[in-house]
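Undergrad: Questions regarding the structure given below will be posed in turn.
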Amino acid sequence: MRNKNFLYLIILVWVLSFIVIPIGTMFLYSFWSVENFQIVHSFSLKNFLVIFKDPLYIPLFIKTFKMAFIISLCATLLSYPMAIFVHTYGGRYKTILYISVLAPLWVGYLVRIYSWRSILGENGFLNSILMIFGILKEPSSAFLFNSFAVVITMLSIAIPFTFIPIFNAIEKVPANLTQAAADLGANNLKAFWSVMFPLSLPGVVTGFLLAFVISYGDYLTPALVGGPSGIMIGSVIQSQFGNSYNWPLGAALAVIMLVFILLILAVAQKLGDVKGTFED
């Protein structure tokens, strides 16, 4: 009993220290304001009014949602076939293939971003290949510093996080269920849609959500490969806490982002039970 109470205490301290206090502080800051480069500790809805009245922020939230949705959808559509392939044909090499998909996680976040920057840049690998095959006569700057570059870079970052829950969910589907569907006359495609996909849906939902949360709040990728046209709401929040020195406005933007993500999680909960996806 004492051990159990001690564990509860550790969990409580962890939640308070790393979740409740940081989010509560941010929530408190969102109701303060800045005057003459000084934070005024008085309750005000000024920051939220600015966000909803300024023509910059709401369209940027919508743009960020669209880009995060596209990244998450593409990551899910790419991860699912990979997970099926590793599960079905991996055999004795299943572990190696699994680790290969996760290998990018071993490389630093910034290194991966700069790698794509070097690939997509004017003097990068992509331009060199296109010029070698005669598709381009001179290097093009169309591949970098735009929304396309942000999507491609974030996609490579999100795929491992999407792959893990999808693969785990597929691994948990009992093989005898698909065999039973085949015995009842279902072909491979019908057995997949009637058995495999519904039972793996929790992993799909979890993977999609992980990719969405990662891409929706990212600010480094838009800053390094996006340029002005690839800017997302995370970049604006970072600038408010940085050069602009308007922490209350940045906190208000972060609060709205948090509420929006929680709403997305609530909606996704209706699509599939995400509990137990990572459990053995």
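Undergrad: If I ask for residues that are touching a residue at least 24 places away in the same chain (Cβ under 8 Å) and of a type in the set (A, V, I, L, M), which ones from region 104-115 would you list?
TA: Matches in region 104-115: Leu105, Leu110, Ile113.
Undergrad: Can you say whether Thr76 is of a type outside the set (Asp, Glu), surrounded by fewer than 11 Cβ atoms within 10 Å (Cβ to Cβ) and assigned to a helix (DSSP H, G or I), as far as the supplied structure shows?
TA: So Thr76 does not fit the description; no.
Undergrad: Among the numbered conditions (1) surrounded by fewer than 17 Cβ atoms within 10 Å (Cβ to Cβ); (2) within 30 Å of Gly91 (Cβ to Cβ); (3) modelled with pLDDT of 90 or more, tell me where Asn176 comes up short.
TA: The number of the failed condition is (3).
Undergrad: Look through Leu102, Leu45, Leu73 and report the one residue that is at pLDDT 95 or above, more than 17 Å from Gly234 (Cα to Cα) and of a type in the set (A, V, I, L, M, F, W, C).
TA: None of the others qualify; the one that does is Leu73.
Undergrad: Looking at Ile10, Ile58, can you tell me which residue is surrounded by 13 or more Cβ atoms within 10 Å (Cβ to Cβ) and free of Cβ contacts under 8 Å to residues at least 40 places away in the same chain?
TA: Every option except Ile58 fails the conditions.
Undergrad: Can you tell which of Arg92, Arg112 is over 30 Å from Tyr219 (Cβ atoms) and either in a helix (DSSP H, G or I) or modelled with pLDDT under 95 (or both)?
TA: From the options Arg92, Arg112, the qualifying one is Arg92.
Undergrad: Going through region 230-263 one residue at a time, which ones are in a helix (DSSP H, G or I) and β-branched (Val, Ile, Thr)? Working first, answer last.
TA: Step one: of region 230-263, the residues in a helix (DSSP H, G or I) are 230, 233-241, 247-263.
Within region 230-263, Ile233, Val236, Ile237, Val255, Ile256, Val259, Ile261 meet the criteria.
Undergrad: Further, regarding this structure: Give me a count of the residues in region 116-152 that are touching a residue at least 60 places away in the same chain (Cβ under 8 Å) and assigned to a loop (DSSP other than H, G, I, E, B).
TA: Total meeting the criteria: 3.
Undergrad: On to the next question. Within region 16-30, is even one residue over 29 Å from Pro222 (Cα atoms), among the hydrophobic types (A, V, I, L, M, F, W, C), touching a Lys or Arg at 6+ places or on another chain (Cβ under 8 Å) and surrounded by 10 or more Cβ atoms within 10 Å (Cβ to Cβ)? Walk me through it before giving the result.
TA: Filtering region 16-30 for residues over 29 Å from Pro222 (Cα atoms) gives 16-17.
So of that shortlist, the ones also among the hydrophobic types (A, V, I, L, M, F, W, C) come out as 16.
Among the residues that remain, those that are also touching a Lys or Arg at 6+ places or on another chain (Cβ under 8 Å) are: none.
No, region 16-30 contains no residue that is over 29 Å from Pro222 (Cα atoms), among the hydrophobic types (A, V, I, L, M, F, W, C), touching a Lys or Arg at 6+ places or on another chain (Cβ under 8 Å) and surrounded by 10 or more Cβ atoms within 10 Å (Cβ to Cβ).
The values are calculated or read from the model by the stated rules, or taken from the named source; none is laboratory data. On a predicted model such as this, the values are computed, not experimentally measured, just so you know. Heads up, the Cβs are rebuilt from the backbone with ideal geometry, glycines too, and the neighbour counts pull from every protein chain shown.
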